[in-house]
Amino acid sequence: MKSSAKLLLAVLVLSVVAFSLRAGGTLIEARQTWLKGNYAEAQEIYAPLAKDAKSRGPASIGLSKALVSEGEYDKALAAVDAALKDLPANVDLLARRAELLHARGRWDDAAKVVGLDVPGLEHYRERMERA
């Protein structure tokens, strides 16, 4: 009986360690998790990263992709919009917002986003014109 209690304790300790490592994941880990099809788990990794000023832009984009993978377009757009409040001139976030709007059939709104006078959006403007 003692050996099974030790085994159970070891499993619990390893579970806690694994969870804590996952909770403090990196952008690379989150992306790999998303690419493996573990969308909910990727969202759990991206969410705290999206609150960190250093990784807010890329993490918010990754979070939006994980949400879209589960059909949560409105939540994906909300994640990008939340990041844009702190980073209003971030070209990648603006492009992702335009992409999400375009995917939802809101073409005029998407065109307004890429039509903003923000350096770096020219590429996305040209891409939207070809779409």
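No value in this document is a laboratory result; all are computed from the given coordinates. The structure displayed is predicted, hence computed values, not measured ones. Positions of Cβ are generated from backbone atoms using ideal geometry, with glycine treated the same way; all protein chains shown enter the neighbour counts.
Run down A30, A111 and say which single residue is touching a Gly at 6+ places or on another chain (Cβ under 6 Å) and either more than 28 Å from E126 (Cβ to Cβ) or surrounded by fewer than 16 Cβ atoms within 10 Å (Cβ to Cβ) (or both).
After ruling out the rest, the residue left standing is A30.
Out of the stretch 53-74, which residues are within 18 Å of K36 (Cβ to Cβ) and acidic (D, E)?
E70
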